[in-house]
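Let me begin by presenting the structure, written as structure tokens, before commenting on it.
The values are calculated or read from the model by the stated rules, or taken from the named source; none is laboratory data. This is a predicted model, so every value here is computed, not measured. FYI the Cβ positions are ideal-geometry reconstructions off the backbone, even for glycines, and counts take in every protein chain you see. All accessible areas refer to the heavy atoms of the entire protein, side chains included, with ligands and DNA or RNA removed. Shrake-Rupley method; radii C 1.70, N 1.55, O 1.52, S 1.80 Å.
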Amino acid sequence: MNDKHGLKAAAARGIKLREIGDRILLENEYIRMWEVRLEPGQTLGFHIHYHPYAVLSLSGGENEIVTISGKKITVQEPVGSYTFINEMREVHQLTNKSNVVYLSRLIEVKSETWTAES
């Protein structure tokens, strides 16, 4: 069973994937900008990205990404840091491991849509 992105694993475990952010701040035909806000220790539940996206850290902090297959990735995000993701990755969740509120903007590029088969 090919499940590179973990969608079948999530379904088999009864996990309903959530939105990739807390609220949409701006959306037009080109982009969708999300606010992501996590209190210390709070987790943004399992989700997957279907578009290339940029993340801009507004508050800084340390986060942990845990994939549906159990892989753990520690991410340091200093204030003002940014990253651009241009490939579909595995279903994952994000936990704020800092003692401060994590706040970021996640900007999806809507001109490209990924599928689990790509």
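Within the accessible area of the chain, the carbon and sulfur atoms contribute 52%, probe 1.4 Å, all protein chains present.
If you roll a 1.4 Å probe over the heavy atoms of the protein chains, what accessible area per residue do you get for the chain, in Å²?
Working: 6840 Å² over 118 residues.
Computed with neighbouring chains in place, this is 58 Å² per residue.
Sum up the charges of everything whose Cβ sits under 15 Å from the Cβ of residue 72, counting Lys and Arg as +1 and Asp and Glu as -1, but leave residue 72 out. Intermediate results must be reported in sequence, preceding the final value.
Details: positive: 71, 89, 97; negative: 62, 64, 90.
Computed value for this residue: 0.
How large is the charge dipole for the chain, taken about the Cα centre, if only the Cβ atoms of Lys, Arg (+1) and Asp, Glu (-1) carry charge, to the nearest 20 debye? Let's see the in-between values first.
Working: 14 positive and 15 negative charges, 70 e Å.
Value, rounded to 20: 340 debye.
Selection among 43, 20, 102 by position relative to the dipole of the chain gives 43 as farthest towards the positive end (Cβ unit charges, Cα centre). Annotation note: trypsin sites (Lys or Arg not before Pro) in region 29-81 located in DSSP loop regions with a Cβ neighbour count of at most 12 within 10 Å are 71. Extension gain, residue 4 to residue 110, is 35.9 nm, computed as 0.36 nm per intervening residue step minus the present C-alpha separation.
Only helical runs count toward this figure. For the chain, summing -39,500 (n - 2.57) over DSSP H runs of n ≥ 4 and dividing by all residues gives -1000 deg cm²/dmol at 222 nm. For region 1-70, the set of GluC sites (Glu not before Pro) satisfying both a DSSP loop assignment and a count of at most 10 other C-beta atoms within 10 Å is given as 29. Accessible area of residue 7 (1.4 Å probe, protein heavy atoms only, ligands and nucleic acids ignored): about 50 Å².
Here the calculated FRET efficiency for residue 72 and residue 27, from their Cβ-Cβ distance with R0 = 30 Å, stands at 0.40, rounded to the nearest 0.05.
If you take the alpha carbon radius of gyration of the chain and divide it by 2.2 N^0.38 Å, what ratio comes out, to two decimals?
Working: Rg = 14.0 Å, N = 118, 2.2 N^0.38 = 13.5 Å.
Ratio of Rg to 2.2 N^0.38 Å for the chain: 1.04.
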